[in-house]
1. Which number do you get for Rg(Cα) / (2.2 N^0.38 Å) in the range 3-196?
2. Can you report the principal axis dimensions of the range 444-485 using only the alpha carbons, biggest first, rounded to whole angstrom?
3. Take each of the peptides 382-390, 214-222, 230-238, average the number of other beta-carbon atoms within 10 Å over its residues, and list them starting from the highest.
4. With viscosity set to 1.567 mPa s and temperature to 4 °C, compute the Stokes-Einstein D of the range 340-469, Rh being the Kirkwood radius across alpha carbon pairs; µm²/s, no decimals.
5. Take the range 391-451, drop everything but the C-alpha atoms, weight them equally and run the Debye formula without solvent; then report log10 I(q)/I(0) at 0.23 Å⁻¹ to two decimals.
6. What translational diffusion coefficient, to the nearest whole µm²/s, does the chain have by Stokes-Einstein, given a Kirkwood radius computed over alpha-carbon pairs, a temperature of 20 °C and 1.002 mPa s viscosity?
7. Modelled label-to-label distance, residue 278 and residue 266, 7 Å Cα→beta-carbon offset: nm?
8. For the range 236-402, count the residues as N, evaluate 2.2 N^0.38 Å, and divide the Cα radius of gyration by that value, please.
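Quick note: the coordinates plus some simple rules give every number you see, no bench work behind them. On a predicted model such as this, the values are computed, not experimentally measured, just so you know. Cβ: placed from backbone, ideal geometry, glycine included. Neighbour counts: every protein chain shown.
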Amino acid sequence: MPAWAWAGLGVAVTLLALGVAQVVALLTGASTAPLVAVGDAFVDRTPPWLKDFAVATFGTNDKAVLLGGAAVVLLGLGALAGLLARRRAGTASQVVLGLGAVAALAAATRPDAGALAVLPSVVGAIVGSVALSALASRAPGAGVPSPAGSAPAGGPSSGTVPSGTADRRRFLQVLGVVGAGGAAAVVVGRAVSARLAGGTASRAQVTLPRPADPAPALPASVEVGVDGVVPFRVPNADFYRIDTALVVPQVDAASWKLRIHGMVEREVTLTYDELVAQPLVERDVTLMCVSNEVGGDLVGNARWLGLPIKPLLEKAGATAGADMVLSSSADGWTCSTPLDVLLDGRDALLAVGMNGEPLPVEHGFPVRMVVPGLYGFVSATKWVVDLEVTRFAEAQAYWTPRGWSEKAPVKTQSRIDVPAAGADVRAGTVAVAGVAWAQHRGIDAVEVRVDDGPWQPAKLGSVPSTDTWRQWVLAWDATPGRHTLAVRATDATGTPQTGDQAPPAPDGATGWHTIQVTVT
Ligand SMILES: Nc1nc2c(c(=O)[nH]1)N[C@H]1C(S)=C(S)[C@@H](COP(=O)(O)O)O[C@H]1N2
Ligand SMILES: [Mo]
């Protein structure tokens, strides 16, 4: 059998192992499947520059790219194991077991690993290694004593094992069936997992109470009425998503519990039913990601329904010296939020609803934090299950050792949505419009500059509070030629947005969003 067929044998066996593992993962949870476990472990060990590169290059597709890349690497290793099996089937089987052990270790060391997390990788690897030796011994021409470097196995010297193209074709068909079966099991297993998943099923059962303290109806004037400007309230399906989870954590509302502990006078625990039985408030709050580049779209505004965090923390009673709340999610991600921010009276919420629906699973079902005025990585813990009252001097959040600040209030920013960068527009009156934000301080002014001209004040949309972004529009008398448009905002403390350019790390990008357009 030629080398490529041995490589194919290795690939088929690898797919079989992955398929078996995926089926076992129906019992142990989708995040215990080997590729996901290894990918998650990889994400947590990714150096910041590589993470920044991945986000810059693949945007929010970075997860799919990572999983696809991991699959390609593993199938490549499988092909090598197949080639090795040509001469040393025993060693090749051990390689497959070794790969399984690596995946099992990754699964076992996830922060949310259950006792059975290793099972998919272990069972998959055992099935894979047994299949590898069984197939290798049945390969046309295998088992023939053929000294290394002499005539290829299956050559004229093979007397005991029948060989020939018919045998080979039949064997390759068997490999095809094994490989395709494994691949199908992966695809179907993943789909079934998603269906059965605790969070998804639980979300379908949940009905949200009416807010005791509803958000005011939004006046039509929150929209400046220019096509192409992001809507004031972003629908859930379009809301940006950022997190470290390769598989969305699945948390059942019925078993959800929040524990408040650490430097407190008394521990407080809260179930989902207890949470939604209390008077809930509804607020429009704009969330944004610290990784957002100037002009980027990792920012969105939604109407959140939730329980204020402040009274809960007061019930627990922070002890002297505490200055931080370390929140943790069901999958072990952590986030540091200044205690004084959570106690200063702003609408810091344990949110259960987003735009009139239970939180979508990928946005943190059943409960997440929302804190106006802080970047998401220091405030917006999704799938939150634990609040530890502690000190910045004593505890670190997930991103802190990875080169991001431990505290990060949002910086004043503005963005031109219309016209699009590089657009061709007609001479005459052109609406230049977009959004600006400085959550919890509020936006007082937005100005646009054309080429080297003066800063011209834009007209502002209305806002329900200082916690949301604000639309703006300027009627520009566009003259033919190439023009550069820049925007800057001033927050309600009177501080103008800085034009100094800074990258997202460690605490948020700065600079004026500047675009070029051609007027004809
Ligand atoms: N559990 C968990 N919560 C998380 C994160 C995460 O990686 N894991 N990322 C944070 C970051 S960086 C941001 S910007 C917001 C994004 O929330 P969204 O995905 O609902 O837009 O979630 C925050 N909450
Ligand atoms: Mo973020």
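1. For the range 3-196, the normalised Cα radius of gyration is 1.14.
2. Taking max minus min along each principal axis of the Cα atoms, the range 444-485 gives 39, 15, 12 Å.
3. My ranking of the peptides, most packed first, is 382-390, 230-238, 214-222.
4. Estimated via Stokes-Einstein, D reaches 73 µm²/s.
5. -1.00
6. Numbers: Rh = 26.1 Å.
Here the translational diffusion coefficient equals 82 µm²/s.
7. Here the modelled spin labels are 1.4 nm apart.
8. After normalising by residue count via 2.2 N^0.38 Å, the value is 0.96.
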